[in-house]
Amino acid sequence: MLKRLYRLAQIWLLFFVLCAGTVVLAFTHIDVPIAVRCANLGHVFDPLNMPLGAAVILSLESAVTLSLLLARVVRGHISRLGETLGIACLASICAYGINDIVFKPFFGVPAPAEVIAGARHTFNLLMGSEQSSFPSGHMVLAGAFAGVFMRLYRASLWPLSALLLLAAVLLVIGDWHFVSDAIAGTYIGVLAGIMAGEAWAVHSSKNRPAG
């Protein structure tokens, strides 16, 4: 068990270093030029603001979680897929909340629209709010959900990775986020999801009947 934890720590440290380096590169050289190029495309995606807003997604995840809990109480059990779906929703909700309450206020990066309007693209440590841009809340939300399935259903790794990449591209093209926001949000979300999936896998193995 300790060897497994040590190996996982090594892997995630490597991914952290790669993510941090990519974020720094994007933040300093790529973010603003791409945001400027995409500024005129942002209005094309305006109709998606409401249906794909965080409030709608969080409400749907909450409804799914409550439905699964009710099914568990009434039936006495739910399927493995149902368990995974419930854990994924909870991980997604929790990770999003932590991002909004802790990370965004800490880093304090202005949104693309603010930067294009004249604000500096920089870190304003401890001066941000939930409206700040870094890390992307939507990518944390999606990444945590996907991370649980990636851990518990290994076959979902590549399809979900492709969907996360598509979501990140849309957020950047739609002028909602910088490239660095999407990278950091994806890392935080997937890490949170995989940790939640790992914790559930350990819990399930300990409570599985012998034989």
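The values are calculated or read from the model by the stated rules, or taken from the named source; none is laboratory data. Predicted model only: the values in this text are computed from it and were never measured. Virtual Cβ from ideal backbone geometry, glycine too; neighbours counted across all protein chains shown. For the accessible areas, the whole protein counts, side chains as well, though only heavy atoms, and no ligand, DNA or RNA atoms are used. Shrake-Rupley method; radii C 1.70, N 1.55, O 1.52, S 1.80 Å.
Here are SER133, SER161: which of them is of a type in the set (S, T, N, Q), on the phi < 0 side of the Ramachandran plot and outside any loop (DSSP other than H, G, I, E, B)?
On the way: SER133 fails: outside any loop (DSSP other than H, G, I, E, B).
That would be SER161, the only listed residue that is of a type in the set (S, T, N, Q), on the phi < 0 side of the Ramachandran plot and outside any loop (DSSP other than H, G, I, E, B).
From the set of residues in the stretch 98-120 that are part of a loop (DSSP other than H, G, I, E, B) and touching a Ser or Thr at 6+ places or on another chain (Cβ under 9 Å), which is surrounded by the fewest Cβ atoms within 10 Å (Cβ to Cβ)?
Let us first name the residues in the stretch 98-120 that are part of a loop (DSSP other than H, G, I, E, B), namely 108-111, 117-120.
Then drop every residue that is not touching a Ser or Thr at 6+ places or on another chain (Cβ under 9 Å), which leaves 108-111.
Working: GLY108: 17, VAL109: 27, PRO110: 22, ALA111: 19.
Among them, the one singled out is GLY108.
If you take the residues in the stretch 145-196 that are open to solvent by 50 Å² or more (accessible area, probe 1.4 Å), among the aromatic types (Phe, Trp, Tyr) and in contact (Cβ under 8 Å) with a residue 24 or more places away in the chain, which one is nearest to GLY86 (Cα to Cα)?
Restricting attention to the stretch 145-196, the residues satisfying the condition of being open to solvent by 50 Å² or more (accessible area, probe 1.4 Å) are 145, 153-155, 157-159, 162-163, 165-166, 169-170, 173, 176, 195.
Imposing the further condition that a residue be among the aromatic types (Phe, Trp, Tyr) reduces the set to 145, 153, 158, 176.
In the following step, the residues that additionally are in contact (Cβ under 8 Å) with a residue 24 or more places away in the chain were identified as 145, 153, 176.
On the way: PHE145: 10, TYR153: 14, TRP176: 28 Å.
Of everything passing the filter in the stretch 145-196, PHE145 is nearest to GLY86 (Cα to Cα).
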